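Q: Here it is, the structure, as structure tokens.
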Amino acid sequence: QKTKTLYFLINKNAAISKIIWKDKKLKYQLVPDFDLKKYLTESDTAIYQEYQQASELTLSFDKPFRTGQITIFYSLTASDSVDKAAFSREYAAYEVNGFIGKKGIFISPAYFWYPTLPDRLSRFDISVTSPESLMVLTEGDLIKNSTENGQRKTEWKINYPASGLHLVGSYY
């Protein structure tokens, strides 16, 4: 099915610099106060809280889009407090969704750190550049792990459809 507009959810604080499709910049809009009912059914309303970090990203095409690679360049800071983090269901209010700091890295799908849609399976290719002493892990196959000039570059390929993606890391 061809379309001239695509919609995704991404973190409200994502600073998008450009979006490319077929070597051309796409027009886009980031809408923090969007209608979540567009993505969830009435029976899903109890989980609205999980979407507080999300904003709607609208991509506009000059020609109808059907398939192809879209590259989104953006930056995002993950700074949830880990001081009261508790890893049990009793303390769900203190759940950490996105943290990058001296204690390590933990970013869950609930942080909306990549473009996604609710209840959709996606395939992922991830490239991470970090300090050499920081090793990151995610789902899938590690296809590159190299260090140069104090930086570590890792690449991951997830060859199966996944409903979400975690990124974790620690200093070694």
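The values are calculated or read from the model by the stated rules, or taken from the named source; none is laboratory data. Please read all numbers here as calculations on a predicted model, not as lab measurements. As a convention, Cβ positions derive from the backbone with ideal geometry for all residues, glycine included, and neighbour counts pool all protein chains shown. The area values use the complete protein model at the heavy-atom level, side chains included, leaving out ligands, DNA and RNA. Shrake-Rupley method; radii C 1.70, N 1.55, O 1.52, S 1.80 Å.
Q: Would you mind finding the one in Phe106, Phe65 that is at pLDDT 65 or above, open to solvent by less than 50 Å² (accessible area, probe 1.4 Å) and either of a type in the set (Phe, Trp, Tyr) or touching a Cys at 6+ places or on another chain (Cβ under 9 Å) (or both)?
A: Only one candidate passes the filter, namely Phe65.
Q: For the range 6-26, name all the residues that are outside any loop (DSSP other than H, G, I, E, B) and closer than 29 Å to Asn97 by Cα.
A: Leu6, Tyr7, Phe8, Leu9, Ile10, Asn11, Ala15, Ile16, Ser17, Lys18, Ile19, Ile20
Q: Let me ask another. Would the range 71-79 turn up any residue that is among the hydroxyl-bearing types (Ser, Thr, Tyr), assigned to a strand (DSSP E or B), modelled with pLDDT under 85 and open to solvent by 30 Å² or more (accessible area, probe 1.4 Å)?
A: For the range 71-79, residues among the hydroxyl-bearing types (Ser, Thr, Tyr), assigned to a strand (DSSP E or B), modelled with pLDDT under 85 and open to solvent by 30 Å² or more (accessible area, probe 1.4 Å): present.
Q: Also, quick follow-up: Being open to solvent by less than 70 Å² (accessible area, probe 1.4 Å), at pLDDT 90 or above and under 21 Å from Ala54 (Cβ atoms): is that true of Thr138 here?
A: Taking the combined requirement at face value, the residue satisfies it.
Q: Tell me yes or no: at least one residue of the range 14-23 is at pLDDT 85 or above, under 25 Å from Ser170 (Cα atoms) and either of a type in the set (Phe, Trp, Tyr) or surrounded by 15 or more Cβ atoms within 10 Å (Cβ to Cβ) (or both).
A: Among the residues of the range 14-23, at least one is at pLDDT 85 or above, under 25 Å from Ser170 (Cα atoms) and either of a type in the set (Phe, Trp, Tyr) or surrounded by 15 or more Cβ atoms within 10 Å (Cβ to Cβ) (or both), which makes the answer yes.
Q: Any residue in the range 110-131 that is in contact (Cβ under 8 Å) with a residue 24 or more places away in the chain, at positive phi and surrounded by 13 or more Cβ atoms within 10 Å (Cβ to Cβ)?
A: yes
Q: Can you report the number of residues in the range 141-172 which are open to solvent by less than 80 Å² (accessible area, probe 1.4 Å), among the small types (Gly, Ala, Ser) and part of a loop (DSSP other than H, G, I, E, B)?
A: 2
Q: Any idea which of (1) of a type in the set (A, V, I, L, M, F, W, C); (2) at pLDDT below 80; (3) within 14 Å of the chain's Cα centre (by Cα) is the one Ala93 doesn't satisfy?
A: If we test Ala93 against (1) of a type in the set (A, V, I, L, M, F, W, C); (2) at pLDDT below 80; (3) within 14 Å of the chain's Cα centre (by Cα), just (3) comes out false.
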